[in-house]
1. Across segment A:69-110, which residue is nearest to A:LEU284 (Cα to Cα) among those that are surrounded by fewer than 20 Cβ atoms within 10 Å (Cβ to Cβ) and more than 11 Å from chain B (Cβ to nearest Cβ)?
2. So in segment B:222-236, with the set limited to residues that are assigned to a helix (DSSP H, G or I) and touching a helix residue (DSSP H, G or I) at 6+ places or on another chain (Cβ under 6 Å), which one is farthest from B:PRO321 (Cα to Cα)?
3. Which residues, counting only those in segment B:205-221, are part of a helix (DSSP H, G or I), surrounded by fewer than 23 Cβ atoms within 10 Å (Cβ to Cβ) and either of a type in the set (Ser, Thr, Tyr) or touching a helix residue (DSSP H, G or I) at 6+ places or on another chain (Cβ under 6 Å) (or both)?
4. Hey, can you tell me all the residues within segment B:117-172 that are open to solvent by less than 10 Å² (accessible area, probe 1.4 Å), more than 16 Å from B:LEU210 (Cα to Cα), facing chain A (nearest Cβ under 10 Å) and over 20 Å from the mean Cα position of the chain (by Cα)?
5. Of A:ALA127, A:ALA199, which residue is touching a Leu at 6+ places or on another chain (Cβ under 8 Å), part of a helix (DSSP H, G or I) and under 26 Å from A:VAL62 (Cβ atoms)?
6. Tell me which residues, restricted to segment A:239-288, are free of Cβ contacts under 8 Å to residues at least 40 places away in the same chain and in contact with a Pro (Cβ under 7 Å, 6 or more places away or on another chain).
7. List pairs: first residue in segment B:289-311 and under 16 Å from B:LEU238 (Cα atoms), second residue surrounded by fewer than 15 Cβ atoms within 10 Å (Cβ to Cβ) and basic (Lys, Arg) anywhere in the structure, Cβ distance under 9 angstrom, at least six positions apart or on different chains.
8. Sort through A:TRP141, A:TRP154 and tell me the only one that's in contact with a Cys (Cβ under 6 Å, 6 or more places away or on another chain) and at negative phi.
Protein chains: 2
Amino acid sequence: MAALAGEDRLIAWLRRRARGAGGEGLGDDAALLRGGGGPWALTVDAQIAGVHFPPDLDPRLVARRLLAVNLSDLAAVGAEPRYALLALAAPPGFDHRRFLAAAVASCRRWGVQLAGGDLAQSPLASATLTLVGARPRGGRWVRRSGARPGDRLWLGGTVGESAAGRWLLAAGASLRSNRPELPARFTASEALAAAARQAVRRHLSPRPQLALGRWLGRQRRAAAIDLSDGLSRDLARLCHASGVGATVAAGALPAPPHLLGLAHLLGRDPLELMLAGGEDYVLLFTLPRRAAPPPLAGCREIGEITRETTLRIREQGRVRPLRPAGWDHLRAGGGEIQIEPAPGGAGSG
Amino acid sequence: MAALAGEDRLIAWLRRRARGAGGEGLGDDAALLRGGGGPWALTVDAQIAGVHFPPDLDPRLVARRLLAVNLSDLAAVGAEPRYALLALAAPPGFDHRRFLAAAVASCRRWGVQLAGGDLAQSPLASATLTLVGARPRGGRWVRRSGARPGDRLWLGGTVGESAAGRWLLAAGASLRSNRPELPARFTASEALAAAARQAVRRHLSPRPQLALGRWLGRQRRAAAIDLSDGLSRDLARLCHASGVGATVAAGALPAPPHLLGLAHLLGRDPLELMLAGGEDYVLLFTLPRRAAPPPLAGCREIGEITRETTLRIREQGRVRPLRPAGWDHLRAGGGEIQIEPAPGGAGSG
């Protein structure tokens, strides 16, 4: 079984303590409720200044990102978003109306009713959103635990671009209006500059894959998780929940345009960005061998589910263990990417 | 119509912008959902270090308080608590297990299933809880908008004690184990010291009035709000939602034991503590003229609802306007009690 990070161990401990009647329990991207007339899926996520977004980011972008990352959790279980509750804590001088107007507009765009909330003053801006989603008529909940040996592993879009965007922001990029501003060294080639701007946008404005999630809920069998903490870490979670392992084909991982060039300028390893960068907010999912998602969704098959409960990666014909790496929300320096060094030796074939 | 605080104005503005299909809208203590198989009541509240609790407070007490203040919102609408979602942000070194174990134990005590959550690292400890409540079989939702002229105004318990506890903490009191420690000047009389310790406990460990809320939901007509931001401010909200006014009898306000002595030592006005102290977490409610709550609940009739949409207070035979005062979560210095001076002159009889 793949090693769990501190955060996962804490959640496993909490799940044992919290076991009881009622909900189907902790462990999916959204809580799946069945009591009292459900079914509902509930999810909560926070965005904290200096942790999840630059402290000087336009409050409108914070609001949109807050909604997007939460909607991605509903997408992962195949839910249709319905209601939102917003808890906003902010220092004096924070532009509440700018934030709230954008939150309401984003809610409208995604068909969500802002139903309640809480306001507080705090030295640190943070916003916590709770979303309520409904199970579509005729659909199933998509769980992390639905993967079976022989299933194929899929990604809903490219990985690594959001992490590149975060490193670009750390390197001085900014988004004041709609056009990201870049430090000079990223503007030498127009193609690279366009890719860099797109990475900043992708990081700040992820697009939740709600239609893909609903499609998964209509399949005979599917498992899914949304990629928030890095492909390798979230794959470990999906495999742990399903009691399976997986082998990923490195060459099949869908990279955004010019990731190599961006990674080089940022001094990062492109494969690390893809495997452990995090905040991709695309769905990682499994389907039975012969099933395939609609061609227009931009999905890519990246590997297969194995009976043996380890994670492996196949790169240039060699198979080595894939160590879960990425965000651990409890580690010191949680705002930084945490890469555990992959063992150098080749694994078993 | 009573003047609204900055926070109330912002929420009114938000309500106009967020109007749409689905929920019954913002404005009660909990969001009342009817779509998709409901009915559910949802509420969210945050507790932030240095704002809602002392930064060095035992994480167990923070967890219990977080649950209690949220349960009080469900009590106000007459809901039965069912599910909780927890978003916890904390700095390195925070004792997550101590906090989470207490949260789980509190959930169990109140029949709540911890169904999901979110963990993040943050320089500032804050915890945001979302609660889902169900409408009891045969019950109604209790709304802020249900008050009618001629109804009687009731309080579910004493007011001012929690605010006295907050001032005691500011004056150096602490609660490390179960027994509050007091600065020497509060221990001269044993009766006063006992009242001071009780005030600290009341502030840190409020008791949500869930049974009272459910009882209100079984009445032919009732309106309610939970007192979090001060009696006068929350009364203004209830009256505003109902399109009515109210006259409060100062002499009928239920004070905790030794409030006068405590207020004197703290340099506070006891009536201000009762009217504007906040964080009482008892229900303020209205009932038709001849109805009365069960005698054991500790409720007190404190006034009546009027057709004229002003708030007034009757004190020693004189009636004067009652200015909404208390917590405004958007004001600078939101951690302090904000008292707007009451006009000195007597109002009309």
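The values are calculated or read from the model by the stated rules, or taken from the named source; none is laboratory data. These figures come from a predicted structure and were not determined experimentally. All Cβ positions, even for glycine, are placed from backbone atoms using ideal geometry, and neighbour counts span all protein chains on display. Areas reflect the complete protein model, heavy atoms only, side chains present, ligands, DNA and RNA absent. Shrake-Rupley method; radii C 1.70, N 1.55, O 1.52, S 1.80 Å.
1. The extreme case among them is A:TRP110.
2. Narrowing segment B:222-236 to residues assigned to a helix (DSSP H, G or I): B:231-236.
Within this subset, residues satisfying the condition of being touching a helix residue (DSSP H, G or I) at 6+ places or on another chain (Cβ under 6 Å) are B:231-232.
Values: B:LEU231: 14, B:SER232: 11 Å.
Per the stated criteria, the residue is B:LEU231.
3. B:LEU210
4. B:ALA120, B:SER122
5. Numbers: A:ALA127 fails: part of a helix (DSSP H, G or I).
Answer to the check: A:ALA199.
6. Selection gives A:LEU260 alone.
7. B:GLU304/B:ARG289
8. That would be A:TRP154, the only listed residue that is in contact with a Cys (Cβ under 6 Å, 6 or more places away or on another chain) and at negative phi.
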